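The values are calculated or read from the model by the stated rules, or taken from the named source; none is laboratory data. The structure presented is a predicted model; accordingly, all values stated were derived computationally and were not measured. Cβ coordinates were reconstructed from backbone atoms using ideal geometry, including for glycine residues, and neighbour counts include every protein chain displayed. Keep in mind that these areas ignore ligands, DNA and RNA; they rest on the heavy atoms of the full protein, side chains included. Shrake-Rupley method; radii C 1.70, N 1.55, O 1.52, S 1.80 Å.
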Amino acid sequence: MAQYGLMNTTVRALISQVPDRVSLDGLETTWDQRWTANSTFSFDRTATREQVYSIDTPPPTASGSLHIGHVFSYTHTDVLARYKRMTGLEVFYPMGWDDNGLPTERRVQNYYGVRVDLTLPYDPDFTPPFEGTTKAIKAADQVPVSRRNFVELCERLTAEDEKQFEDLWRYLGLSVDWKQTYQTIDPNARAAAQRAFLRNLARGEAYQAEAPGLWDVTFQTAVAQAELESREYPGFFHKVAFLRPDGEKVWIETTRPELLGAVCALIAHPDDERYAGLFGTTVTDPLFGIEVPVLAHAAAEMDKGAGIAMCCTFGDQTDIQWWRELNLPTRSIIQRDGRLTRETPAWIADGPGAALYAEGLAGKTTFSARAAVVDALRACDAMDGEPVKTLRNTNFFEKGDKPLEIVTSRQWYISNGGRDEALRAALLKRGSELAWHPDFMRVRYENWVGGLHGDWLISRQRFFGVAIPVWYPVLPSGEVDHDHPIVPSEASLPVDPTSEAPAGFDEAQRGVPGGFVGEADVMDTWATSSLTPLIASGWERDEDLFARTYPMDLRPQAQDIIRTWLFSTVVRSHLELDTLPWTHAAISGFILDPDRKKMSKSKGNVVTPMGMLEQHSSDAVRYWAASARLGVDAALDEGVMKIGRRLAIKVLNASKFVLGIAGGQGAALELDPALVTEVLDRAMLAALADVVEAATAAFEKYDHTRALEVTETFFWMFCDNYVEFVKDRAYHGDEAERTSAVTALGIALDAVLRLFAPVLPFVTEEVWSWWREGSVHRAAWPEAAGLRDAAGDASGDVLAASSNALAALRKIKSEAKVSMKTPILSVELAVPADLMEAVRATQADLIATATVTGPLVLTEAPADAPRDSLGGITVVASKLGEPPVKPARK
RNA sequence: GGGCGCUUAGCUCAGUUGGUUAGAGCACUACGUUUACACCGUAGGGGUCAGGGGUUCGAGUCCCUUAGCGCCCACCA
């Protein structure tokens, strides 16, 4: 809860420890330690839901390194979190680590030089052969280990990674409650993922199906639509002849001649007159003697290739469609390892075709099989001309480097609206109920949900992940009965079906007739990540916490995982709790390198953040991040970090000055608005009230950039003009004049520190500690009303007018190329009528600040005089004195 | 092919419901050491607001159109 507000209370601040020399060095470590020691960011579990602002922090992928893009987007969240905390909300700001899944597996393989062999037993004394060698370990040199040993290594390595990540986040100043952490592989998360799955299963939302689907041959796992990436891939068109019974040739074009042995039909568009005579007849392939029908289907495109397509099981998604809709036979020849089947398929006729397959194709990769088929086609004159080079778009697994194949397998799915219009409509409605920042990101969600063409495939044939919590009976015949899965009780979660027996069975019954087998597949990492708001808020584990934090307020995340993380989270929350998981989504843009390319590991242009933080300071890097609006891609710009550093140092110096002029060490500073009596001081507070209003309104609209901008603009004006104006009065004025200036300076410093606190947590906290109790980050967000009261009827325009008059006088000296200390013996200013009163009212400060030693004459500027950048104030005549004599160098 | 965003000074970006002569910082130039700050201060130069058309008394802002850049989705014969 906020500790104090300026509104109706006079604050008496004791200035305790203003250093002689200020510095940014070491602030990160100092304040991280004190915040931890003081539990500054601990979540108060007594707060009610209305008093809580809860954040579904993205759990970073633990395997790998954080890059500057992470610093960028996590800063956006932290700035908002700190603002919300200061407005009096209790911020629930946990941190998770996404350590389950393929990235960890790959990292462990490379880091320790091991690979999983499911046949090996667990070795409790296993020591990895390599550890963190810098050179890549060849796959052939990797040592086979049991799954359990492998998982242990995963846990060991991610624990080390997570420690490093936490250190970086602390250094950056994330106001996370470090007592609220989770891992997506920890027992709570596994239990939550399995519980949610079992409930999906019980409601019929999770189901298994044996169907053709996208398959990565490198990782040997099924892949979901959301993990696809379309890439250009070089290929060749081959013109291949099929033979009619009378020997006449029908030419088709294909980029995948190696699939000739899997052909099921030739298909053309029903309106295509070229092939009208062929529909209903059969043709035979030139190599294997497979007789296939020529069929019509509207999905065939007349202007593609020859207009007649070779349909194989399965070359692409269209093949699946034709196979389904035309009831074609299944003739799969691609295996899960991406090679052609080792046995000659039954549908290939004995004879030369069978011999060709057995000798030239069996067990070959698609690449070498293609070459063999092309040679054979040439030899029997069934290929027209040379293959024609083409660049085609092909689906890849986003983490893979070989084109996906289509393989038939038994997999688990969860409904996501891809096959159910009512559910799709409900999920689109959820998207429309969510407040998106920026709003246009909603469209990406709508595009994605609108374009789904299947349910969410959640099973993966991998090792390090959350197990799918089911077993299957083994029938007396020895066959596995997949249709009647055995499920565990929720109380027993998490379970590992590959090492635990289901209730009512014992381990000896594993794999034997009458016994059971465990599901070996694990869940896709998104099946767990989609539950982060539930995992973090204690769903079914800590109902008290859950009631205080869920549905959450904010999902901050990157734009590229709207279709995965954001969408899947909406799906799970909708199915499980019939609600949105959060009310706001804040989408950060990408970081572009100086060549305006997206920064990513695969491009090798990643900048590691710690060096940047150490070089420029965390506040400076945060300033850079906070200068970019949500949803907008930003350039990595060290120039902006330098500006941030300059600002942070300026905050230290200006604060040192204000507190020094207030009496310095040991003095008491009364922040009593009634003591502010001078017009200029009140005008400054009025301007500050405007800034507080603007910054607050901006933050409420999730526009941290605008909030920073108005604060920063005010602060520089405050330093350059206001502070200069009041120096003379503060040093040499009478008691009332001096008190007015000092009090106004104190009130302004107090508000400015709080306005900057979300973006510059370290310097503001450092300065706060010089004269205030507690943490600035638990202080109340400034309110305009109190400042307005102090300002009385003064307007911020008065300060602007006098600042312009001051600039006009400075210009005289600057153009004369003399020191600012040079006295002005006499000067006449032309002032527009509407500014005259303001300039007149503050002319004493003006005269002192600009060292006007003689008459200052103000005349009214003509009504039609142009308004330049100084508001129309111009110098009519002036006379400068002698520049002061430079003091002798000491 | 469909969609979203962007294009303003050499660079990075503001520019609110259309309203005086389009702003800031960096960089650049000149000057200046001033009882907070040289990691400083003061002042200055620098822009056909991507191109074209339209609406309007008035357009950086609204509409149409063209081009370029980035991204999302679709496209695999």
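The figures follow:
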item	result
Span per principal axis, largest first, for the Cα atoms of region A:773-890 (Å)	53, 52, 22
Highest to lowest packing among A:376-389, A:608-621, scored as the average C-beta count within 10 Å	A:608-621, A:376-389
Cα-based radius of gyration of region A:758-832 once divided by 2.2 N^0.38 Å, which approximates compact folds	1.74
In sequence order, calculated HN-Hα J values of region A:489-498 (Karplus, 6.51, -1.76, 1.60; Hz; x Gly/Pro)	6, 4, 5, 8, 6, x, 10, 10, x, 7
3J(HN,Hα) from dihedral phi, region A:72-79, Karplus parametrisation 6.51/-1.76/1.60, rounded to Hz, x for glycine, proline	4, 6, 5, 5, 3, 5, 5, 4
18 Å reach of a label modelled at A:Thr87, 7 Å along Cα-to-Cβ, counting backbone N of region A:562-583	A:582-583
Relative intensity, log₁₀ I(q)/I(0), of region A:376-444 from a Debye sum that treats every alpha carbon as a point, q = 0.22 Å⁻¹	-1.06
DSSP-loop trypsin sites (Lys or Arg not before Pro) across region A:326-369, with at most 13 other Cβ within 10 angstrom	A:Arg342
Cβ-derived FRET efficiency at R0 22 Å, A:Thr218 paired with A:Thr608, nearest 0.05	0.20
P(r) weight above 24 Å for region A:188-327, C-alpha pairs, percent	44 percent
A:Val632 versus A:Thr583: modelled label distance in nm, points set 7 Å from Cα along the beta carbon direction	2.7 nm
Residue order for A:Ser627, A:Ser42, A:Ser655, A:Ser814 - accessible surface, 1.4 angstrom probe, largest first	A:Ser814, A:Ser627, A:Ser42, A:Ser655
Folded to 0 to 90 degrees: helix A:704-717 orientation relative to chain A principal axis, Cα	20 degrees
Sequence-distant residues sharing a close amide H with A:Val250 (under 5 Å, placed H)	A:Phe242, A:Leu243, A:Arg244
Hydrodynamic radius (Kirkwood) for region A:103-224, which is based on Cα pairs only, to one decimal in Å	17.6 Å
Calculated FRET value between A:Arg156 and A:Ala425, using beta carbons and R₀ = 56 Å, to 0.05	0.75
Mean Cβ neighbour count within 10 Å, used as a protection proxy, ranking A:92-104, A:218-230, A:298-310, A:50-62 highest first	A:92-104, A:50-62, A:218-230, A:298-310
FRET efficiency, A:Glu166 to A:Thr30 (Cβ-Cβ, R0 22 Å, nearest 0.05)	0.80
Lys, Arg +1 and Asp, Glu -1 on Cβ, resulting dipole of region A:679-745 about Cα centre, debye, nearest 20	60 debye
Trypsin sites (Lys or Arg not before Pro) restricted to DSSP loop in region A:166-242 with at most 14 other C-beta within 10 Å	A:Lys179, A:Arg203
From phi via Karplus (6.51, -1.76, 1.60), per-residue ³J(HN,Hα) for region A:811-817 in Hz, x at Gly/Pro	4, 4, 6, 4, 6, 7, 6
Contact order relative to length of region A:684-835, as percent, for alpha carbon pairs under 8 angstrom and 6 or more apart	30 percent
Other-chain or far-sequence residues with amide H under 5 Å of A:Cys312's (modelled H)	A:Cys264
Fraction of accessible area attributable to carbon and sulfur, chain A (%, probe 1.4 Å)	51 percent
Relative contact order of region A:198-339, pairs being alpha-carbon contacts under 8 Å that are 6 or more residues apart, as %	23 percent
Three-way shape label, region A:741-797, alpha-carbon gyration tensor, a/c 1.5	prolate
Per-bin percent of Cα-Cα distances, chain A [20 Å]	12, 34, 28, 16, 8, 1
Amide H contacts of A:Thr255 (H built 1.01 Å from N, under 5 Å, at least 5 apart or other chain)	A:His238
Ellipticity estimate at 222 nm from DSSP helix runs (n ≥ 4, -39,500 (n - 2.57)) divided over chain A, nearest 500	-11500 deg cm²/dmol
Angstrom value of the Kirkwood radius, inverse mean 1/r, which spans all Cα pairs in region A:672-713	11.1 Å
Surface accessible to a 1.4 Å probe, per residue, for the residues of chain A, Å²	42 Å²
Extension gain, A:Arg378 back to A:Ser230 (0.36 nm per residue minus Cα-Cα distance, nm)	50.1 nm
Angle in degrees between helix A:147-172 and the longest Cα principal axis of chain A, rounded to the nearest 10	20 degrees
Spin-label model distance (nm) - A:Ala276 vs A:Glu291, 7 Å beyond Cα toward Cβ	2.7 nm
Semi-axis lengths, Å, region A:261-311, gyration tensor of Cα atoms, sqrt of 5 times eigenvalues	19, 11, 8
More than 27 Å apart - percent of Cα-Cα pairs taken over region A:284-425	31 percent
Debye-sum result for region A:658-767 in log10 I(q)/I(0), which assumes one identical scatterer on each alpha carbon, at q = 0.11 Å⁻¹	-0.35
Computed label-point distance, nm, for sites A:Ser819 and A:Ala736 using a 7 Å Cα→Cβ extension	3.5 nm
Mean Cα-pair separation over length for chain A, i.e. relative contact order, pairs under 8 Å, 6 or more apart, %	16 percent
